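Step one of this worksheet: look at the structure below.
The values are calculated or read from the model by the stated rules, or taken from the named source; none is laboratory data. Just so we're clear, the structure is a prediction, and the values are computed from it rather than from any experiment. Because the Cβ atoms are built from the backbone with ideal geometry, glycine has one as well, and the counts that use them run over all protein chains shown.
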Amino acid sequence: MKYVKLIFYIFTFFLLSNYISAFLISPPKYEVDFESNAQIKLIITLINKPREDKELDTYIKYEFLHPIAKEELKNAFSLNSSKVSFTNQEDYIYFELLINFPENLSLVGTHDLRVGAVEAANEGQVAFRAGNEVRILIKNGNDTIITPPIINDGGGNNRPADQTQNIPRPLPTTRALNIDVLNITAKDVYKDEKSDIVIQVRNNENFNVYVTGIINILKENMVKEVITIPSTSLESLKTTNLKTLWDTKSADIGEYIVGATINYQGDSKNIATTMKIKEKNFLVVFSFRNMLLLLLILALIALIIITILFLLNKKKGIEILSVETKNILPNSIAEIIIRYKNHDNKYYKVYVDIIVIGINNNVVDKIGTDEEVLSKAEGSFEYNWETNNLIPGIYKIQTIIHYDNKKSEKIIEIKL
Amino acid sequence: MNRDYVYGFLALIIVTSILTSFFTFFYIYPNITGRPVQDTGNVQVNVVSGLGIAIDTVYNVIDFGNIARDRTYDSDSNSPTYQTPISTNPILIRNEGNVAADIQICAENAFWSGSYVASDFQYKVDMPLLTGSDNCGTDISLNNNCFTGSSGSTITYTNLPFPTFPNPCTNVNAVNNLQNADTSDEVELDIKIHVPVDEPTGAKSTTITITGVDPVTIP
């Protein structure tokens, strides 16, 4: 019973966790203005989601064109490949739609061409296969989509081919716009860093123009990454920098070609450069964020070291700060003042020895005091010293404070 | 100068440095998600728009099993009207892209070879009612949050035409505006068949192509 339950859970898990084997097509639509005899290349991206080996058929569908437009445009479109295939290592594949417009288009309005890709069907009585299509809206004059007349499908149905709707769009320009792609730069980076890619584009028209772009990053002729530049307005008669970032986390070390296609009304232009992803070494350039982290760690280490030094150097016990004398004259009573500091927060019983040492290092006098309790953190002892038996000369006075079986001492020199 | 003051001053500097670093590191720069792409200083993140209709890997074929002449079968999981010889699931279609999509379908070849009429092969779409499928709401035309059921979608059985030479596979609208959010991006496709009375015995098969397209014509 336990195993039946387990199998049930495993089965349920697999049933609920099944993933879709899909491919995506990008962009979902293109809008192209008809221009007499113009040649246009559109790049369509197929996305492998999730990565797996897959074969797709590509096609152009004329079904939604009016028969007159279909006849006039029958030689206008071609694909660079009728079959494409993914490997389980590839995220993207591209195929190109080449357009060679004829001299004229009779019908005024927007024509709806479809370009798509479809995968193989599954096995079954009624089998299904999925496809996805890009709408290529070819505009000749206005935004009204021109639909073919009602079609008899031969199976007993009459059906409208499509609906007629208005698509709000900006005013058209039927010629190719005057846009210059001046320069492209891609910054060399260390592995895992982000590379700035900058494309300099000049709009030579006296009105603002929208452009889009695709950046293909190649290594050894294989596309490794695709970055889309979203629709961006270029100011009239000005140069604009289109900037984007490439995150090199999933890229290998080496030299890459960075190729950009800038699309705009009526035409597109290409430009390319190279960049390197370098191996990180000891002298890796830190990012600002890493620098902050490093500073933080260094500050913590410094704090710990200083705390340790502070604790090690902290004074303990009783320290003699200074010994001063007053009235040092022969045959008189001099004063000896000993200033001290108690570094510990406790009371000590202390007594003081004062030893007077002559020039020959012989003890010539000695003063001892009674034991007393030191109650202040900082203070002084004052003693009188009779100099009756001493001859003038130089003497040393050694002062010793005894406390808690320890002693603190200081020696000064005086002239009598 | 007393050494205590020196140490205290150093400690103050270090503590200030630590607090400043913490503030800068965790408060000012926690959520950088983009970089300026224009000289005007806009922050922009590129998201490529992609259209992607796919068929679920479990619910990807319809098999009616052995069928009898002049009988009707369907694959509806919500309210099966016509008895099928075996348990027949519908097809589950999902929008894996990041934009809404219209779905059109076409039959690649004729299913019947007898004297069939147009209504012998029909289709419709429905809110899915399958293990693990999205919950699209309660009413297909009013409260359906997966696709527009009130217009543009074929929610009642409608003839699915077969191609006849020289006409190619002809697309018919099936779903209007299938959403792309993960919890409401699925639709069920049902097939209903009536076996012509003079249909010869043998295996029957057809392939139906389900195509996703940008819903630009739907206002």
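Some observations on this one:
- Any pair with Cβ under 7 angstrom, 6 or more apart, that starts in segment A:26-43 at a residue that is farther than 15 Å from A:Val211 by Cβ and ends at one that is surrounded by fewer than 18 Cβ atoms within 10 Å (Cβ to Cβ) and of a type in the set (D, E, K, R): A:Glu35/A:Arg175; A:Ser36/A:Glu103; A:Asn37/A:Glu103; A:Lys41/A:Glu96
- Extreme residue, surrounded by the fewest Cβ atoms within 10 Å (Cβ to Cβ), among residues of segment A:211-223 that are part of a strand (DSSP E or B) and out of contact with any Phe, Trp or Tyr (no Cβ under 7 Å at 6 or more places or on another chain): A:Met222
- Residues that are exposed (fewer than 14 other Cβ atoms within 10 Å of the Cβ) and within 19 Å of the chain's Cα centre (by Cα) within segment B:143-172 comprise B:Asn143, B:Ser150, B:Ser151, listed in sequence order.
- Residue within segment B:170-187 that is over 26 Å from A:Asp57 (Cβ atoms) and at the interface with another protein chain (Cβ under 9 Å from one of its Cβ atoms) present: no
- Residues satisfying the stated conditions in segment A:345-357, i.e. out of contact with any Ser or Thr (no Cβ under 6 Å at 6 or more places or on another chain) and closer than 18 Å to A:Ile400 by Cβ: A:Tyr348, A:Lys349, A:Val350, A:Asp353, A:Ile355, A:Val356, A:Ile357
- The condition of being more than 43 Å from the chain's Cα centre (by Cα), over 30 Å from B:Lys192 (Cβ atoms), surrounded by 15 or more Cβ atoms within 10 Å (Cβ to Cβ) and in the same structural domain as A:Asp33 (by TED's automatic domain parsing) does not hold for A:Leu113.
- Selection of segment A:150-192 for residues being buried (at least 16 other Cβ atoms within 10 Å of the Cβ), at pLDDT 50 or above and in contact with a Ser or Thr (Cβ under 6 Å, 6 or more places away or on another chain) yields A:Ile184, A:Ala186, A:Val189.
- Residues being under 24 Å from A:His343 (Cα atoms) and part of a strand (DSSP E or B) - total across segment A:361-396: 10
- Residues in segment B:173-214 that are hydrophobic (A, V, I, L, M, F, W, C), buried (at least 24 other Cβ atoms within 10 Å of the Cβ) and in contact with an Asp or Glu (Cβ under 6 Å, 6 or more places away or on another chain): B:Val213 only.
- Here is the figure for segment A:101-122: residues that are at the interface with chain B (Cβ under 7 Å from one of its Cβ atoms) and either over 25 Å from B:Asp102 (Cα atoms) or in contact (Cβ under 8 Å) with a residue 60 or more places away in the chain (or both) total 2.
- Filter result for B:Asn159 (under 20 Å from A:Asn122 (Cα atoms) and within 13 Å of another protein chain (Cβ to nearest Cβ)): no
- Some residue of segment B:142-165 being of a type in the set (Val, Ile, Thr) and closer than 19 Å to A:Lys61 by Cα: yes
- Residue match in segment A:229-237 (condition: touching a strand residue (DSSP E or B) at 6+ places or on another chain (Cβ under 6 Å) and within 30 Å of A:Glu279 (Cβ to Cβ)): yes
- The residues in segment B:125-179 that are assigned to a loop (DSSP other than H, G, I, E, B) and β-branched (Val, Ile, Thr) can be counted, and the count is 9.
Here's the yes/no breakdown for (1) among the basic types (Lys, Arg); (2) surrounded by 15 or more Cβ atoms within 10 Å (Cβ to Cβ); (3) closer than 22 Å to A:Tyr383 by Cβ:
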position	(1), (2), (3)
A:Ala299	no, yes, no
A:Leu303	no, yes, no
A:Asn313	no, no, no
A:Leu321	no, no, yes
A:Ile336	no, yes, yes
A:Asp344	no, no, no
A:Tyr348	no, yes, yes
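- Test result for A:Thr244, at pLDDT 85 or above, over 26 Å from A:Pro28 (Cα atoms) and in a strand (DSSP E or B): no
- Considering segment A:63-75, and only residues there that are surrounded by 19 or more Cβ atoms within 10 Å (Cβ to Cβ) and in contact with a Leu (Cβ under 9 Å, 6 or more places away or on another chain), the residue that is modelled with the lowest pLDDT turns out to be A:His66.
- Only residues that are of a type in the set (D, E, K, R) and surrounded by 14 or more Cβ atoms within 10 Å (Cβ to Cβ) were counted in segment A:76-95, giving 2.
- For the criterion of being at pLDDT below 65, under 30 Å from A:Glu52 (Cβ atoms) and more than 7 Å from chain A (Cβ to nearest Cβ), B:Val43 fails.
- Test set (1) at pLDDT below 90; (2) closer than 22 Å to A:Ile93 by Cβ - A:Phe207 fails condition number: (2)
- Count of residues meeting criterion [away from chain A (no Cβ under 11 Å) and of a type in the set (Gly, Ala, Ser)] in segment B:190-205: 1
- Identity of the residue in segment A:228-282, closer than 18 Å to A:Asn216 by Cβ and basic (Lys, Arg), that ends up nearest to the other protein chains (Cβ to nearest Cβ): A:Lys243
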